[in-house]
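Here the structure comes first, spelled out in structure tokens, and everything after it is commentary.
The values are calculated or read from the model by the stated rules, or taken from the named source; none is laboratory data. No experiment lies behind these values; they were computed from the predicted model shown. Ideal geometry is used to build each Cβ from the backbone, glycine not excepted, and the neighbour counts take in all protein chains shown.
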Amino acid sequence: MKNEAKARVVINMPREKAWAQLRDLSLAHNYVPGIIKTEITTEKTEGVGASRKVYQSETKALDETVVEWKEGHGFLIRLHKGDKGSQPPFKEAFFRYHLDDAGNSQTALTTSLIYTMRWGWFGEFLQNRFLAGIFRSVIRDVAISMKAFYESGEPTTPAKLKQIKADMKS
């Protein structure tokens with residue numbers, strides 16, 4: 001069964017300017033919490049077939065390959081570990097970044113994690129009982145971090161993300 005965690009934010013810049021940053025697959029470490037380095041691993045740097053490694057530490061990396069590309073609006077990336085497919089708890093996992101015009105020279109950014117759990121009924125139990133909320137929170141953090149990075153040009157650090165979220169509550 002496919003599941004989806006989704007978040008939407010409005011970025012204070014025109015879609016064309018946001019797209020110029022989004023299409024650069026080498027920038028993920030500036031806005032994805034927990035990622036410290038991004039490395040393009042194919043000759044192709046954008047479009048279907050372009051791949052990158054995103055590093056959570058110097059030795060722990062995940063592969064991401066573009067499987068769908070909508071020029072000017074976004075793309076879908078398959079998350080995998082080499083040829084093995086997705087890492088547990090996922091049977092398969094994809095991440096979608098999508099941009100739409102929001103009027104007044106603003107852009108609506110939607111980030112989505114689309115996934116199927118491993119382990120049959122037990123995986124679905126974990127998903128429904130524990131993981132769905134965690135995944136929604138992580139996806140929301142990515143969207144908030146992207147907005148901050150796009151608007152400021154500065155990488156979104158954990159401290160900066162924490163401050164932004166605190167400011168949103170007040």
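Test each condition in (1) closer than 16 Å to Leu22 by Cα; (2) hydrophobic (A, V, I, L, M, F, W, C); (3) not in a helix (DSSP H, G or I) for Ile144 and report the one that comes out false.
(3)
Is it the case that some residue within region 124-138 is in contact with a Leu (Cβ under 6 Å, 6 or more places away or on another chain) and in contact (Cβ under 8 Å) with a residue 60 or more places away in the chain?
Checking region 124-138: at least one residue is in contact with a Leu (Cβ under 6 Å, 6 or more places away or on another chain) and in contact (Cβ under 8 Å) with a residue 60 or more places away in the chain.
Test Ile36 against the criterion of being over 18 Å from Ala20 (Cβ atoms) and among the hydrophobic types (A, V, I, L, M, F, W, C), and give yes or no.
yes
It is to be established whether one or more residues within region 119-126 are surrounded by 19 or more Cβ atoms within 10 Å (Cβ to Cβ) and not in a helix (DSSP H, G or I).
no
Assess whether Tyr31 counts as being crowded, with 19+ Cβ neighbours inside 10 Å, at negative phi and of a type in the set (Ser, Thr, Tyr).
yes
What's the number of the condition Gln21 fails, among (1) at pLDDT below 95; (2) within 20 Å of Asp141 (Cβ to Cβ); (3) over 13 Å from the mean Cα position of the chain (by Cα)?
Among (1) at pLDDT below 95; (2) within 20 Å of Asp141 (Cβ to Cβ); (3) over 13 Å from the mean Cα position of the chain (by Cα), Gln21 violates only (1).
Can you pull out the residues in region 108-123 that are in contact with a helix residue (DSSP H, G or I) (Cβ under 8 Å, 6 or more places away or on another chain) and either without any contact (Cβ under 8 Å) to a residue 60 or more places away in the chain or polar (S, T, N, Q) (or both)? Walk me through it before giving the result.
The first filter runs over region 108-123 and keeps only residues in contact with a helix residue (DSSP H, G or I) (Cβ under 8 Å, 6 or more places away or on another chain), leaving 109-113, 115, 117, 119.
Matches in region 108-123: Thr110, Thr111, Ser112, Trp119.
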